[in-house]
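The values are calculated or read from the model by the stated rules, or taken from the named source; none is laboratory data. These numbers were taken from a predicted model, which means no experiment stands behind them. No Cβ is skipped: glycine too gets one built from the backbone with ideal geometry, and neighbour counts run over all protein chains shown. Please note that ligands, DNA and RNA were not included when accessible areas were found on the heavy atoms of the full protein model with its side chains. Shrake-Rupley method; radii C 1.70, N 1.55, O 1.52, S 1.80 Å.
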Amino acid sequence: MKLSKLVLIVFSVTGLTFLAACGNGQSTGSGSRPTAASDTTGKTEASSLNIQPVTQTGNARMTLSELTMPLPQGKTTLRLVVADPTGQPLAVQGIEAEMTMSEQAMEAMGMKGMGAGSAKTEVKSAASPGTYDIETNFPFGGDWQLTVALNDAQPPARAVFDIPVQQ
């Protein structure tokens, strides 16, 4: 009887600790899961999601902003914000963007033997310095990756973002 109470207590404490760690709304900083912006009332706005890169090199900091997740299939515009290490907008030239889906993700969707997927992308300057629109057309849903290269930045910078697209 005492052993079963001890086991119950251990499982309860472990479960509560797990819930407290996972349920506090804090990001662990790994991955590029969307994070929602909250207003002063604590309500989350679906239109204000930001995606941090999975990996990033160089001094420029890149973020995708103003997204609703998951993204719909078809034509979509992603807003890329580029800043220097202090957070100031960084105007750069020579931005390259590539949208791909890994061969493993393609196979998981039942498209075995088709190789990796890709979606056409085009980068355009937006109204604000350091802000760029990446226009793309997702042919199908699934787990996509956006690779952005700032070739003219000093030093050159690169970021990879996970992009979920509705199936």
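Please give the net charge around residue 77, taking every other residue with its beta carbon less than 12 angstrom from that of residue 77, where Lys and Arg add +1 and Asp and Glu add -1.
Every neighbour counted, the sum reads -1.
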Inset, instruction - Just need the Rg to Rh number for segment 96-151, please, alpha carbons only, Kirkwood Rh. - result: 1.08
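Just add up the charged neighbours of residue 139: K/R +1, D/E -1, any other residue whose Cβ is under 12 Å from the Cβ of residue 139.
So the surrounding residues net to +2.
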Inset, instruction - Could you state how much accessible area residue 128 has, in square angstrom rounded to the nearest 10, with a 1.4 Å probe and all protein chains kept in place? - result: 60
Inset, instruction - For segment 62-167, give the percent of accessible area contributed by carbon and sulfur heavy atoms, probe 1.4 Å, rounded to a whole number. - result: 46
Inset, instruction - Enumerate the aspartates and glutamates that residue 112 could reach by cross-link, defined here as Cα to Cα under 18 Å, with residues fewer than 8 away along the same chain left out. - result: 103, 143
Inset, instruction - Can you tell me the order of 147-159, 83-95 when each peptide is scored by its average per-residue count of other Cβ atoms within 10 angstrom, highest first? - result: 147-159, 83-95
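Take the alpha carbon gyration tensor of segment 123-167, find the square roots of its eigenvalues, order them as a ≥ b ≥ c, and report rounded if a/c is under 1.5; if not, report prolate when a/b exceeds b/c, else oblate.
Oblate, because a/c is 1.5 or more while a/b does not exceed b/c.
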Legend entry - Length added when fully stretched, residue 147-residue 166, from 0.36 nm per residue minus Cα-Cα: 4.9 nm
